[in-house]
Amino acid sequence: METVNIKINGVAVSAPKGSTILEAARLAHIDIPTLCFLKEINEIGACRICVVEVKGARSLVASCVYPVNEGMEVWTNTPKVVDSRKKTLQLILSNHNKRCLSCVRSGNCELQTLSKELGVDNESLYAGEMQHFTIDDSAAHMIRDNSKCILCRRCTAVCEQVQSVGVIGANERGFRTNISSPFGMGLGETSCVSCGQCIAVCPTGALAEKDAVGEVLAALADPDKHVVVQTAPSVRAALGEGFGLPIGTNVEGKMASALRRLGFAKVFDTDFAADLTIIEEANELLDRVSKGGTLPLITSCSPGWVKYCEHYFPDMIDNLSTCKSPQQMFGAMLKTYYAEKNHIDPKKIVSVSVMPCTAKKFEIGRDHQSAAGVPDVDIAITTRELVRMIERTGINFLELPDEEFDNPLGESTGASVIFGVSGGVMEAALRTAVWKLTGENPDSPIEFSEVRGMQGIKEASYDVAGLTVNVAVASGLKNAHDLLTKIKNGEANYQFVEIMGCPGGCINGGGQPIVDSKTRNFVDYRSLRAKALYDEDAGKVLRKSHDNPNIKKLYDEYLGTPGGHKAHETLHTKYVKRKIQ
Ligand code: SF4
Ligand code: SF4
Ligand code: SF4
């Protein structure tokens with residue numbers, strides 16, 4: 001690698017040619033503060049917080065976009081630099097609703113942290129007229145509060161470039177500039193897909209999930225309700241971050257323990273329904289292949305992706321698997337099978353899910369998601385809300401003992417655990433495909449490395465019991481867009497495609513604990529979270545969905561055959577064509 005030699009604060013640094021001052025400083029263990037910068041997503045050098053002095057330059061330069069050159073001398077912390085950053089921050093704060101005490105991001109807000117680090121207090125030097133906004137709560141999954149927006153444009157960049165949606169942008173000009181939807185529409189009226197990736201990158205409390213913690217606590221306090229919870233695979237790989245544990249710590253045992261102490265009647269695992277999804281989806285795939293149905297079959301676990309397909313590729317909704325997502329399959333089993341077995345009126349059951357995903361809040365309100373005549377899932381909360389709920393109820397999470405899920409809906413295999421990572425559903429399906437085709441259960445192969453990893457699009461061909469199966473995996477909706485365009489243009493011929501709405505899959509869902517930009521820009525946090533799930537899979541005795549004994553029992557006792565009449569009524573759904581707006 002070609003390098004250049006520079007000096008930062010008098011220290012000699014050798015940095016790769018083409019890197020920025022910000023990146024080079026990191027190599028010298030010097031952090032330069034940033035606000036608008038998000039690596040490879042929002043590299044616009046607009047907020048001017050990251051300014052530094054460069055010998056010979058006429059003014060301060062934005063280190064996030066300024067490339068290093070041989071012999072360059074840089075100072076990152078001179079009085080001139082610090083004074084400039086403080087003034088910039090004072091200007092931002094002069095039009096900011098500084099209600100930190102009750103703000104959802106207090107303690108985890110980049111603006112607040114920066115103000116503290118730079119010693120900028122709330123009394124702005126530039127106090128004067130302020131903009132006033134109404135809160136946009138029109139969407140099912142999130143609220144937008146522009147009074148806390150600092151116009152960094154990280155949200156608009158992720159929505160447009162990473163998710164290929166682009167329903168938010170800068171409106172008006174100058175002092176009146178604000179981030180909103182076109183023509184003053186509420187976000188809920190647009191073709192926003194509810195992915196929550198904008199929330200995940202927002203440095204402040206301007207964007208947040210719609211909080212349902214109060215609703216869950218009220219249900220738990222109601223003696224007439226039987227409140228049951230399920231948790232998605234990727235929640236266990238990130239929940240610990242909310243309590244200061246290192247990224248990638250698997251806290252499954254403590255999570256089950258905390259949920260039990262919160263008062264849930266049963267603590268179940270969405271992984272059980274992930275195994276069920278594989279059985280139904282494998283059946284659907286082989287059915288379509290043998291009967292000449294619409295191919296490729298595309299997974300439907302990710303509600304952000306499903307809504308994207310309905311808005312932006314409505315002519316491909318027949319490609320979507322009709323399987324409900326694991327969240328919804330679980331809810332359906334809870335209110336039918338579990339309710340009948342335990343003689344509980346489904347109307348008395350409150351079905352709560354803990355998800356890495358904000359789009360799950362939209363999904364629970366979709367049509368054709370009520371197997372027992374009542375919604376399969378009543379309340380979907382995110383990992384972040386679970387952190388809040390544990391904190392609010394005084395549970396000392398870090399000191400909890402490890403506990404197990406309840407059964408029968410808590411039994412799962414390694415295949416279901418990896419649902420939380422891009423490529424995981426595909427791998428789980430491939431583990432079951434040979435058994436489904438031949439009725440045999442060979443020991444290998446069990447790991448499919450070609451569909452693992454954080455690449456946006458992965459492709460592979462496998463020989464499955466003598467049948468060549470071409471597969472593709474995409475995560476992040478821009479990648480989904482590119483892959484679908486290729487399929488539509490006849491440039492690719494797959495039988496089975498996995499798509500996840502969020503880059504890297506659910507481990508990076510819009511409802512997971514916020515990763516600040518300092519970490520995001522320099523640490524591969526998605527791979528660390530993914531590793532926690534792959535490690536759990538590797539340590540399981542049962543690693544194939546069809547080996548889950550409670551799934552077999554469920555079909556024997558209740559559902560009949562995969563894809564049969566009862567399975568279809570309870571576990572499958574329908575989609576609608578939507579407009580772009
Ligand atoms: S966004 Fe940050 S600075 Fe603003 S009120 Fe919330 S915590 Fe305070
Ligand atoms: S939730 Fe997703 S689609 Fe909706 S505005 Fe945010 S990034 Fe865009
Ligand atoms: S909403 Fe958040 S991410 Fe978007 S521009 Fe405002 S502060 Fe930045």
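By the gyration tensor of its Cα atoms, with a ≥ b ≥ c the square roots of the eigenvalues, what is the shape of region 209-286: rounded for a/c under 1.5, prolate for a/b over b/c, or oblate?
Judged from the Cα gyration tensor, region 209-286 comes out oblate (a/c at least 1.5, b/c at or above a/b).
Collect residues whose amide H, placed 1.01 Å from N in the peptide plane, falls under 5 Å from the amide H of K266; neighbours closer than 5 in sequence don't count.
Here the answer is V229, since their amide H atoms fall under 5 Å of that of K266.
With a ≥ b ≥ c taken as the square roots of the eigenvalues of the C-alpha gyration tensor of region 364-445, please select rounded if a/c is under 1.5 and otherwise prolate if a/b is larger than b/c or oblate if it is not?
oblate
Out of region 128-179, which trypsin sites (Lys or Arg not before Pro) are coil in DSSP terms and have no more than 16 other C-beta atoms within 10 Å?
For trypsin sites (Lys or Arg not before Pro) across region 128-179 that sit outside H, G, I, E and B with at most 16 neighbouring Cβ atoms in 10 Å, the list reads R173.
Among 540-549, 15-24, 332-341, how do they line up from the highest to the lowest mean number of other beta-carbon atoms within 10 Å?
Highest-to-lowest ranking by the protection proxy: 332-341, 15-24, 540-549.
Fewest to most neighbouring Cβ within 10 Å: what's the order for D271, D137?
D137, D271
With contacts defined as alpha carbon pairs under 8 Å and 6 or more residues apart, what's the relative contact order of the chain in percent?
Taking the mean separation of contacting Cα pairs over the length of the chain, I get 16 percent.
Taking amide hydrogens as modeled 1.01 Å from N in the peptide plane, which residues meet the under 5 Å criterion relative to T322, leaving out close sequence neighbours?
none
Over all alpha-carbon pairs of the chain, lay out the pair-distance distribution in 10 Å bins, whole %, shortest bin first.
Percent of pairs per bin, in order: 3, 17, 26, 25, 16, 8, 3, 0.
With the Cα gyration tensor of region 3-93 in hand, convert its eigenvalues to equivalent ellipsoid semi-axes via √(5λ) and list them largest first in whole Å.
21, 15, 10
Please determine, in degrees from 0 to 90 and to the nearest 10, the orientation of helix 525-538 with respect to the longest principal axis defined by the Cα atoms of the chain, where the helix direction is its Cα long axis.
Between helix and principal axis, roughly 30 degrees.
Using the Karplus curve 6.51 cos²θ - 1.76 cosθ + 1.60 with θ = phi - 60°, work out ³J(HN,Hα) for each residue of region 281-289 in order, rounded to whole Hz, and write x for Gly and Pro.
Rounded to whole hertz, the list is 6, 4, 5, 5, 4, 5, 4, 5, 5.
Using alpha carbon centroids, what distance separates region 513-574 and region 29-59, in Å?
Region 513-574 and region 29-59 have Cα centres spaced 41 Å from each other.
Could you work out how far the C-alpha centroid of region 405-436 sits from that of region 318-365, in angstrom?
Centre-to-centre (Cα) distance: 18 Å.
For M142, enumerate residues with amide H under 5 Å from its amide H, sequence gap 5+ or separate chain, H modeled in the peptide plane.
For M142, the qualifying residues are K210.
Among DSSP beta bridges lying fully in the chain, give the percent that are antiparallel, nearest 5.
About 55 percent, rounded to the nearest 5.
For region 38-84, what is one quarter of the convex hull surface built on the Cα atoms, given in nm²?
The orientation-averaged projected area of the Cα hull of region 38-84 comes to 3.6 nm².
Every number in this text was worked out from the coordinates using simple rules, so none of it is lab data. What you are looking at is a predicted structure, and each value in this text was computed from that prediction instead of being measured. Heads up, the Cβs are rebuilt from the backbone with ideal geometry, glycines too, and the neighbour counts pull from every protein chain shown.
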